[in-house]
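Read the structure below first, then the notes.
The values are calculated or read from the model by the stated rules, or taken from the named source; none is laboratory data. Please read these numbers as outputs of a predicted model, since none were measured by experiment. Here the Cβ positions follow ideal geometry from the backbone for every residue, glycine too, while neighbour counts run over all protein chains shown.
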Amino acid sequence: MTARLIVHLKAHRTKAGLTQAELADAVGVSRKTVNTIENGIFTPSTYLALCLADELEVSVHDLFELPPDG
């Protein structure tokens, strides 16, 4: 069974005042990639997760978390 990540990317992106397109440009991906991450469809690579966190000036743990056990 594959657990889905809990994603807080949209909240941090909007708090930073960025559109999906602006964040995507800043980290070198498409707007659709940011959209699919925010909607839990696509799990980013470690590298991309680190780039997103760096751009938003938060930790990776602020952006993504594992669901609780059970």
So for region 33-42 (the condition being of a type in the set (A, V, I, L, M, F, W, C) and in contact with a strand residue (DSSP E or B) (Cβ under 9 Å, 6 or more places away or on another chain)), does at least one residue qualify? yes
Got a number for residues in region 32-70 being more than 19 Å from GLY17 (Cβ to Cβ) and either part of a loop (DSSP other than H, G, I, E, B) or touching a residue at least 40 places away in the same chain (Cβ under 8 Å) (or both)? 15
Enumeration of residues in region 24-64 that are surrounded by 14 or more Cβ atoms within 10 Å (Cβ to Cβ), more than 10 Å from the chain's Cα centre (by Cα) and within 11 Å of HIS12 (Cβ to Cβ): GLU55, VAL58
Of all residues in region 1-31, how many are at pLDDT 95 or above and part of a loop (DSSP other than H, G, I, E, B)? 8
